[in-house]
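Worksheet: the structure to be examined is printed underneath.
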Amino acid sequence: MTKPDDDYLWDKTGDDPEVARLEALLSPLAHQAPLDELRLKRRRSKLPFVIAGAIAAAIALVIMGKVVWPRDSVGTSCIGPGMVFSSAGAVSCNGDALATGVLPIHGKLETGSREAELTIADIGTATLSANTIVRLDQTQIGKRHQLYLQEGKMHAKVIAPPKIFAVATPSADVIDLGCEYTMEIDRSGAGTISVQTGRVELETANGAVVLAPAGTHARLLPGRRASLPLIDRASPGITAAVAELEDGKPDAIGHVLAAATKADAITIANLARIVTVAQRRTVLETLGSLVPAPGCASVSEALASPDLLEIWYDHVYLIHVGAFDATPVNCATPP
Amino acid sequence: MQLAYSRAVQGDALPVVVLAAQRGDRRAFAELYRRFSRAVHGVVLAKVRYADAADLVQDTFALALERLGQLGEPAAFPGWLLSIARHRAIDHLRGKRPVAMGDELPELPVAASRASEAAQVLTALRTLPEAYQETLILRLVEGLSGPEIAEQTGLSPGSVRVNLHRGMKLLREQLGENGASDDQAG
């Protein structure tokens, strides 16, 4: 038995190996689960019978034409499981004018002239600007929370494991990989996304997926197409070339490759993801000249190995976010 | 403005957060959960099996939210909340047989080679007087320091220190008698 030292037991200073060993043994049992928002709402929605009776009586009076139910006072369609919203003034939740409430699953929130904030369970918030319309498609603690941004502007800040939060738009689905970003969708369904921290996945109707990391922005195009992410300080040359690509102009890929600098490597890595197999070699050759593949692997080796290709893309991403040194690598044989 | 407020709540004194939660601010309530969920877990774990404890934590907070308006003194929140937790744990145990060591073995999230010892220590902790078992579980399982335990239970720092000291002494005796601790120490 070791000699006890009360300081460690009290405030974790000093030393007591036996207490430390018991801590290590038992610490996996510590509580880590997030707050179960849905359970809170379920409890709150259990109205006492007296209140329920009063509501039933009031409804009966309405039916009898004795009372005009005030449209903005109750929000009966905005209770139950969903996402909590709040605003400095009334916004429209399923047609009810409310300053706070719960946006239910399949419910629609329209901010009108005000800003509103949605609480995404215990993982983050989505601030909605004026003239924004969202629908809640899904919310399951620990699984998935998904909104549909029909139009307007949303600033999302989420701290959660990847792919827990997603935003569908008329143009693309934005899958959160744990980050902060701003999206804007116009009435035609087109829009932009600008990523401030972390990275997001943009999924389009044809199944293509591009990854937009912090410090990049991308256009969300009608027809459910996401454009290539461009760095926020992208040159006019590559910006114009990417716009040509979005418009489907011939030779656009060549123009994007010609305009790319080392800082645009993240754009080129994403281009390699979405081009045809026949076009990929050319794109990878340019990528290799900007950021050589890890271990100086050749383009042929990368094309033959999907795993190596993913490692290369990750390498480009890590250099982009500053996690890796971007010092040029002198490969003995050019990739 | 809401975001800024939310950030402010995180650093606020407990009464400020409790008052905000009483006014219906759900982020303030989430902050209370962040600050006190481990303490609630420790208190219920002193009574119920591990697999049931997390569920009772959620239940305790759901009840607390429902009754928050009845709490007159915001500074009394810690003792009030833990009292709800103890009652929920006791309600849960009604009609059930006491937790036996073997019951929990398969459900403990520890390596198989250490599960038996973890279950043995947990069982030994539960045989201690209530004040000691709760305080020691908060210290050894939830990882709270003595001052944090005092803050989160509403007990005085002096009482917590005494509970930790006396409880640990009894636990060492228990484990020494059962041969659980020394066998695997070092």
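The values are calculated or read from the model by the stated rules, or taken from the named source; none is laboratory data. Nothing here was measured: the structure is a model prediction, and the numbers come from that model. All Cβ positions, glycine included, derive from the backbone under ideal geometry; neighbour counts span all protein chains shown.
Observations, loosely collected:
- Segment A:104-129, residues that are more than 19 Å from the chain's Cα centre (by Cα), within 14 Å of another protein chain (Cβ to nearest Cβ) and not polar (S, T, N, Q): A:ARG114, A:GLU115
- Total residues in segment A:87-115, condition outside any strand (DSSP E or B), among the β-branched types (Val, Ile, Thr) and at pLDDT below 90: 1
- Screening segment B:146-168 for residues that are within 12 Å of the chain's Cα centre (by Cα) and in contact (Cβ under 8 Å) with a residue 60 or more places away in the chain and picking the one that is farthest from the other protein chains (Cβ to nearest Cβ) gives B:THR153.
- Checked against (1) surrounded by 19 or more Cβ atoms within 10 Å (Cβ to Cβ); (2) touching a Gly at 6+ places or on another chain (Cβ under 8 Å); (3) closer than 25 Å to A:VAL209 by Cβ; (4) among the hydrophobic types (A, V, I, L, M, F, W, C), A:ILE159 passes all but condition (1).
- Restricting segment B:60-82 to residues that are touching an Asp or Glu at 6+ places or on another chain (Cβ under 9 Å) and within 11 Å of chain A (Cβ to nearest Cβ), the residue that is surrounded by the fewest Cβ atoms within 10 Å (Cβ to Cβ) is B:ALA62.
- Which numbered condition B:GLY79 misses (of (1) more than 23 Å from A:LEU29 (Cβ to Cβ); (2) in the same structural domain as B:GLY154 (by TED's automatic domain parsing)): (2)
- If the condition is being without any contact (Cβ under 8 Å) to a residue 24 or more places away in the chain and either touching a helix residue (DSSP H, G or I) at 6+ places or on another chain (Cβ under 7 Å) or not in a helix (DSSP H, G or I) (or both), then segment A:219-244 contributes A:SER227, A:GLY237, A:ALA241, A:GLU244.
- Take the conditions (1) within 14 Å of chain A (Cβ to nearest Cβ); (2) over 24 Å from B:LEU155 (Cβ atoms); B:ARG97 misses just one of them, which is (1).
- Inspection of segment A:211-218 finds no residue satisfying the criterion of being part of a strand (DSSP E or B) and modelled with pLDDT under 85.
- Selection status of A:THR267, surrounded by fewer than 22 Cβ atoms within 10 Å (Cβ to Cβ) and hydroxyl-bearing (Ser, Thr, Tyr): no
- The lone criterion from (1) within 24 Å of A:GLU180 (Cα to Cα); (2) more than 14 Å from chain B (Cβ to nearest Cβ) left unmet by A:GLY95 is number (1).
- Residues considered: B:ARG161, B:ARG88, B:ARG97, B:ARG114. Of these, the only one that is in a helix (DSSP H, G or I), farther than 26 Å from A:LEU9 by Cα and either of a type outside the set (Asp, Glu) or at pLDDT 95 or above (or both) is B:ARG88.
- The one condition in (1) of a type in the set (Asp, Glu); (2) under 23 Å from A:ILE105 (Cβ atoms); (3) touching a Gly at 6+ places or on another chain (Cβ under 6 Å) that A:GLU184 fails to fulfil: (2)
Residue-by-condition table, conditions (1) within 17 Å of the chain's Cα centre (by Cα); (2) among the basic types (Lys, Arg); (3) away from chain A (no Cβ under 13 Å):
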| position | (1), (2), (3) |
| --- | --- |
| B:ASP103 | no, no, yes |
| B:PRO106 | no, no, yes |
| B:ALA111 | no, no, no |
| B:GLU117 | no, no, no |
| B:LEU122 | yes, no, no |
| B:LEU125 | yes, no, no |
| B:PRO129 | yes, no, yes |
| B:ILE137 | yes, no, no |
| B:LEU144 | yes, no, no |
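- Criterion violated by A:VAL134 - all others in (1) within 22 Å of A:LEU211 (Cβ to Cβ); (2) in a strand (DSSP E or B); (3) of a type in the set (A, V, I, L, M, F, W, C) satisfied: (1)
- For beta carbons closer than 8 Å, sequence separation of 6+ or different chains, a first residue in segment A:145-168 that is not assigned by TED's automatic domain parsing to the domain that holds A:PRO222 and a second that is in a strand (DSSP E or B) and surrounded by fewer than 20 Cβ atoms within 10 Å (Cβ to Cβ), there are no qualifying pairs.
- Between B:ARG139, B:ARG172, B:ARG166, the distinction of being part of a helix (DSSP H, G or I), modelled with pLDDT of 95 or more and out of contact with any Gly (no Cβ under 6 Å at 6 or more places or on another chain) belongs to B:ARG139 only.
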